[in-house]
Amino acid sequence: MDRMILIKYGELSTKKGNKNFFIKTLYNNVKNKLKNFDVKINKDSARMYIEFRDEELDDIKRVIDKIFGIHMYHIAYIVDTNIDDIKKMTLDVIKNFNFKSFKVETKRSFKQFPTDSLETSRIIGGYILKNINDISVDVHNPDLLIKIEIRDNNSFIYLNEYCGSGGYPVGTQPKGFLMLSGGIDSPVAGYLAMKRGVSLEAVYFEAIPHTSLEARNKVIDLTRKLTEYVDSINLHIVNFTSIQEAIYKNCREDYCITIMRRMMYRIMERLVKERGGYVIINGESIGQVASQTLVSMSVINEVTNVPVIRPVACLDKLEIIDISKKIGTYEISILPFEDCCTVFVPKHPVINPNSQVAKFEENKFDYMSMIDEAIKNLYTVKVKCEEKTNFSELL
């Protein structure tokens with residue numbers, strides 16, 4: 001029996017004038033992620049259809065599960081659109097299942113089909129009852145739900161449904177730059193931003209020798225995890241050592257984290273504007289650490305006029321951890337290699353910083369020339385999901 005994957009768009013179907021753009025973007029993303037499989041992909045305004053080889057189905061499903069913009073999909077049996085063939089195929093599909101009750105649901109998209117949806121369901125249900133003993137119809141809580149879609153040339157029969165990742169296809173929104181540390185929160189923020197259709201580039205601030213090469217490799221591995229949802233992500237590695245050392249040499253200790261974050265935001269703004277981005281994205285969660293109180297975020301944020309998106313801002317730590325485990329970043333994030341945000345944490349960081357004090361402290365050194373130098377010397381790595389690139393050249 002021939003089968004096909006039916007993809008349902010979900011939230012995409014609510015779009016009006018630009019619906020075709022969303023569907024086309026999803027189609028291109030699916031086509032790209034399945035480029036190594038023997039598939040044929042077609043689409044219309046209601047569904048996407050994937051023809052596949054049976055031996056590749058499990059691997060294809062694993063890929064489809066991580067493509068944003070897919071609400072649900074089914075593995076459907078294909079049958080000619082006539083009632084006799086539909087009856088026979090339905091019986092063949094279900095005869096090896098163990099069930100005591102069933103229900104048939106029919107959707108008749110092809111309005112020239114001689115019977116409406118309810119009548120078609122009754123006809124097929126009656127045929128099943130005649131050919132399988134000791135079963136009954138249960139319209140409320142059946143053991144087996146049989147769904148049939150009547151279309152013009154081919155119709156579809158399916159018993160299963162698989163949840164997709166939902167959201168919007170990546171690329172339906174322009175580019176955002178993710179501040180990616182080695183912690184738990186920022187990879188989750190990147191995942192949630194991509195789920196809303198945002199294309200990502202990532203930025204990692206390191207301070208070697210105060211941070212380790214293992215910390216850098218951890219961030220590269222986190223980036224690779226995120227590329228399971230896209231084709232590739234550019235990871236920009238910024239040498240932050242001289243800036244961080246200047247902060248701790250010249251500035252009040254309790255303001256060092258505030259000023260460090262202000263420097264990072266200045267660098268992020270430059271990268272966003274120079275490289276075609278629209279927003280800064282980070283993993284800040286309200287009140288989680290000293291730099292993430294509302295007062296701190298306000299003082300830090302004032303150095304940039306680029307919008308800052310904080311997808312996990314209103315989630316608690318346990319909620320963020322749950323998502324990180326779901327997407328496979330948690331075990332990488334908890335590896336014991338500190339990034340520059342944690343290695344220099346003062347004993348008593350200010351939680352309600354004053355903007356004027358922050359400006360006074362940071363003006364004690366020539367940070368603009370250091371920012372220019374950091375941006376000039378950043379290193380960009382194109383991280384791909386299917387490649388285990390040798391990053392020894394970064395050393």
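In whole percent, what relative contact order does region 3-163 give with Cα contacts below 8 Å and a gap of six or more residues?
Here the relative contact order equals 27 percent.
With label points built 7 Å along Cα→Cβ from the Cα atoms of Leu91 and His348, find their separation and express it in nm.
Placing both labels 7 Å beyond Cα along the Cβ direction yields 8.4 nm.
In nm, to one decimal, how far is the modelled label at Met72 from the one at Ser109, with both set 7 Å along Cα→Cβ?
1.5 nm
Using modelled amide H (1.01 Å from N, peptide plane; none on Pro or chain starts), what sits under 5 Å from the amide H of Ile309, excluding residues fewer than 5 places away?
Ile280, Ile281, Asn282
Rounded to the nearest 500, what is the chain's calculated 222 nm mean residue ellipticity when only DSSP H runs of at least 4 contribute -39500 (n - 2.57) each, over all residues?
For the chain, the value works out to -11500 deg cm²/dmol.
Holding the Cα-Cα limit at 23 Å, pick out from Lys8/Lys382; Lys218/Lys273; Lys31/Lys107; Lys15/Lys147; Lys61/Lys88; Lys61/Lys384 the pairs that are longer than that.
Lys8/Lys382; Lys218/Lys273; Lys31/Lys107; Lys15/Lys147; Lys61/Lys88
Which whole-number percent gives the relative contact order of region 171-394, counting Cα pairs below 8 Å spaced six or more residues apart?
33 percent
Could you work out how far helix 117-131 tilts from the main Cα principal axis of the chain, as a 0 to 90 degree angle to the nearest 10?
Tilt relative to the chain: about 70 degrees.
If you keep only loop residues by DSSP, which trypsin sites (Lys or Arg not before Pro) in region 95-169 have at most 11 other Cβ atoms within 10 Å of their Cβ?
Here the sparse-neighbourhood loop sites are Lys95, Lys100, Lys111.
List the GluC sites (Glu not before Pro) within region 306-387 that DSSP assigns to loop and that have no more than 12 neighbouring Cβ atoms inside 10 Å.
Glu386, Glu387
Apply the Karplus curve 6.51 cos²θ - 1.76 cosθ + 1.60, θ = phi - 60°, to the phi angles in region 94-104 and return the couplings in whole Hz, x for Gly and Pro.
3J(HN,Hα) across region 94-104, in whole Hz: 9, 5, 9, 8, 9, 8, 10, 9, 8, 9, 10.
Give, in nm to one decimal, the length gained when the segment between Ala46 and Leu213 is fully stretched (0.36 nm per residue of separation minus the Cα-Cα distance).
55.3 nm
Peptides 189-197, 64-72: what's the order by average Cβ count within 10 Å, highest mean first?
Answer by packing, highest mean first, reads 189-197, 64-72.
Going by a ≥ b ≥ c, the root eigenvalues of the Cα gyration tensor, does region 205-349 fall in the rounded group (a/c under 1.5), the prolate group (a/b larger than b/c) or the oblate group?
Judged from the Cα gyration tensor, region 205-349 comes out rounded (a/c under 1.5).
Which of the trypsin sites (Lys or Arg not before Pro) found in region 276-369 are in a DSSP loop and have at most 15 neighbouring Cβ atoms, other than their own, within 10 Å?
Qualifying residues, ordered by number: Lys347, Lys364.
Treat each spin label as a single point 7 Å out from the Cα along the C-beta direction, and report the Asp372 to Asp59 distance in nm.
Here the answer is 5.2 nm between the modelled labels.
Readers should treat all values here as calculations from the given coordinates under stated rules, not as data from a laboratory. For clarity, every value in this text was computed on a predicted model and none was experimentally measured. Virtual Cβ from ideal backbone geometry, glycine too; neighbours counted across all protein chains shown.
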